[in-house]
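Asks: A single structure is presented below for examination.
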């Protein structure tokens, strides 16, 4: 009889806002960052909601589902931790990927996640602000180093960005007055 795999799944409500970065703050490089690799599945999906992620030595499979189809800022997120062997096996499926460096910045009582995209999306930098409750999320003011909020713009959902390159989204970025940014 084959062995039965048992996974422990954590489910949590994710409340966040997403912004385009206007300029790279001089102080950004003093904060820690991690190398993240997201592999979205299934390959054929235009907007994949399942991904496997390698974040340093942590590897997980995640699924995000909207809690309200009219509000992209609130999602139910399920997470299962993977071993190296499981991640390696799952990463062999046909995939779309996003590779980025994520900086963790303390800001007004929360932690901002500044995602510096690499490879095909190089030049794009997004900022996520995650919240523990709706009131804090609703009262949060965009940081001065951000250009505009794109939370409700489905074109900036990770599942839709995967498999694209900067040129694929450049027209949208130009319409928002965004200019390519690079960290030296």
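Since every read-out is calculated from the coordinates, none of them should be taken as a lab result. Everything numeric in this text was worked out from a predicted model, so none of it was measured. Cβ placement follows ideal geometry from the backbone for every residue including glycine, while neighbour counts extend to all protein chains displayed.
Asks: When the helix-only estimate is applied to the chain (DSSP H runs of n ≥ 4, each -39,500 (n - 2.57), divided by the residue count), what is the mean residue ellipticity at 222 nm, nearest 500 deg cm²/dmol? Spell out each step's value before the answer.
Replies: Working: 4 runs with 27 residues, N = 184.
Helix-only estimate at 222 nm: -3500 deg cm²/dmol.
Asks: Rounded, prolate or oblate: which fits the stretch 86-145 when a ≥ b ≥ c are the square roots of the eigenvalues of the alpha-carbon gyration tensor, with rounded for a/c under 1.5 and prolate only if a/b beats b/c? Walk me through the numbers on the way to the answer.
Replies: On the way: a/c = 3.02, a/b = 1.85, b/c = 1.64.
It comes out prolate by the Cα gyration axes.
Asks: Over what distance in Å are the Cα centres of the stretch 124-150 and the stretch 163-184 separated?
Replies: 19
Asks: Using alpha-carbon pairs under 8 Å, 6+ residues apart, how would you state the relative contact order of the stretch 11-175 in percent?
Replies: Values: 318 pairs, mean separation 51.2, N = 165.
With pairs under 8 Å counted, the relative contact order is 31 percent.
Asks: For the stretch 139-184, what is the convex hull volume of the alpha-carbon atoms per residue, in Å³? Write out the running numbers ahead of the final one.
Replies: Working: hull volume 5.3 nm³, N = 46.
Hull volume normalised by residue count: 115 Å³.
Asks: By how many nm would the segment from residue 10 to residue 79 lengthen if fully extended, with 0.36 nm per residue of separation less the alpha-carbon distance?
Replies: My answer for the length gained is 24.3 nm.
Asks: Decide, for the chain, between rounded, prolate and oblate: order the square roots of the alpha carbon gyration tensor eigenvalues as a ≥ b ≥ c, take rounded if a/c falls under 1.5, and otherwise choose prolate if a/b is larger than b/c, else oblate. Walk me through the numbers before you get to the answer.
Replies: Numbers: a/c = 1.62, a/b = 1.42, b/c = 1.14.
Prolate.
Asks: Sticking with this structure for a sec: Please report 116, 93 as a ranked list, fewest other C-beta atoms within 10 angstrom at the top and most at the bottom. Present the calculation step by step, with values, prior to reporting the outcome.
Replies: On the way: 116 21, 93 11.
So the residues, fewest neighbours to most, are 93, 116.
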